[in-house]
Amino acid sequence: MSDPVAYFLTWHTYGTWLPGHAQGSVDEEHRQFGTPFVAPDPKWAARNAAGLVNPSVSLDKPWRAAVQEAVVETCAYRGWTLLALHVRTTHVHVVVAAAPASPEKVLNDFKAYATRRLRRQKLAEEEVRVWAVHGSTRYVWNDKQLAEVVDYVVNQQGAFLEPLPIGARPPVANAPGSDLVSPL
């Protein structure tokens with residue numbers, strides 16, 4: 001089988017999307033793009049919440065900027081092609097062409113670089129766990145899937161936050177085909 005076109009990676013901040021989460025979660029059998037999540041399980045989620053070693057982590061604007069810079073830096077250093085990136089308050093989505101590196105290596109490198117940058121910039125203290133264990137590593141096999149995941153990452157995450165996502169531009173008010181209307 002040929003290499004994937006890209007990887008669609010998602011990871012959450014510590015304590016914000018625990019196994020059993022109300023919106024579902026991902027495991028080895030539910031990681032291909034388009035596959036449903038594992039069904040929610042409130043008791044499993046509660047057991048996981050009771051085991052947290054520090055409060056859940058939320059990314060404010062300076063934290064999001066540091067994470068975005070770290071992902072861009074990692075891609076430049078590793079020679080990977082960044083196709084889309086959106087850093088949200090509780091999770092990060094990345095679409096990257098990085099084969100032959102495994103998606104697990106790519107994910108781990110992104111999290112490690114981001115953690116180092118957050119600590120270096122004195123945003124995260126040394127003892128704070130910033131990220132959940134692992135994340136979602138989905139393979140993108142063709143251009144149709146690639147267009148879908150890039151659109152999802154850039155345009156379907158809710159209101160734009162700063163820094164803006166990488167991969168496409170937000171819709172412009174009053175532009176043809178835009179639902180945005182500028183105030184008068």
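The values are calculated or read from the model by the stated rules, or taken from the named source; none is laboratory data. Quick caveat, the model's predicted, so the values are computed rather than measured. Methodologically, a virtual Cβ is constructed for each residue, glycine included, from the backbone with ideal geometry; neighbour enumeration extends over all protein chains shown. Only protein heavy atoms, including side chains, enter the accessible area calculation; ligands, DNA and RNA are left aside. Shrake-Rupley method; radii C 1.70, N 1.55, O 1.52, S 1.80 Å.
Overview of results
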{"quantity": "Residues within segment 117-126 that are more than 24 Å from residue 18 (Cβ to Cβ) and either touching a Pro at 6+ places or on another chain (Cβ under 9 Å) or loosely packed, with under 14 Cβ neighbours inside 10 Å (or both), tallied", "calculated": "3"}
{"quantity": "Test: residue 87 is under 28 Å from residue 126 (Cα atoms), among the hydrophobic types (A, V, I, L, M, F, W, C) and surrounded by 13 or more Cβ atoms within 10 Å (Cβ to Cβ)", "calculated": "yes"}
{"quantity": "Check on residue 22, open to solvent by 80 Å² or more (accessible area, probe 1.4 Å), over 18 Å from residue 108 (Cα atoms), at pLDDT 85 or above and not aromatic (Phe, Trp, Tyr)", "calculated": "no"}
{"quantity": "Total residues in segment 36-46, condition charged (D, E, K, R) and out of contact with any Pro (no Cβ under 9 Å at 6 or more places or on another chain)", "calculated": "1"}
{"quantity": "All positions within segment 36-65 that are modelled with pLDDT of 95 or more and in contact with a strand residue (DSSP E or B) (Cβ under 9 Å, 6 or more places away or on another chain)", "calculated": "57, 58, 59, 63, 64, 65"}
{"quantity": "Positions within segment 145-162 being touching a residue at least 24 places away in the same chain (Cβ under 8 Å) and in a helix (DSSP H, G or I), in sequence order", "calculated": "145, 146, 148, 149, 150, 152, 153, 154"}
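Conditions tested, residue by residue: (1) in a helix (DSSP H, G or I); (2) of a type in the set (Asp, Glu); (3) open to solvent by less than 60 Å² (accessible area, probe 1.4 Å); (4) free of Cβ contacts under 8 Å to residues at least 40 places away in the same chain.
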{"position": "54", "(1), (2), (3), (4)": "no, no, yes, no"}
{"position": "66", "(1), (2), (3), (4)": "yes, no, yes, no"}
{"position": "69", "(1), (2), (3), (4)": "yes, yes, no, no"}
{"position": "73", "(1), (2), (3), (4)": "yes, yes, no, no"}
{"position": "99", "(1), (2), (3), (4)": "no, no, yes, no"}
{"position": "106", "(1), (2), (3), (4)": "yes, no, yes, no"}
{"position": "114", "(1), (2), (3), (4)": "yes, no, yes, no"}
{"position": "128", "(1), (2), (3), (4)": "no, no, yes, no"}
{"position": "137", "(1), (2), (3), (4)": "no, no, yes, no"}
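Residues checked against (1) within 20 Å of residue 137 (Cα to Cα); (2) buried (at least 18 other Cβ atoms within 10 Å of the Cβ):
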site: 45; (1), (2): no, no
site: 57; (1), (2): no, yes
site: 82; (1), (2): yes, yes
site: 91; (1), (2): yes, yes
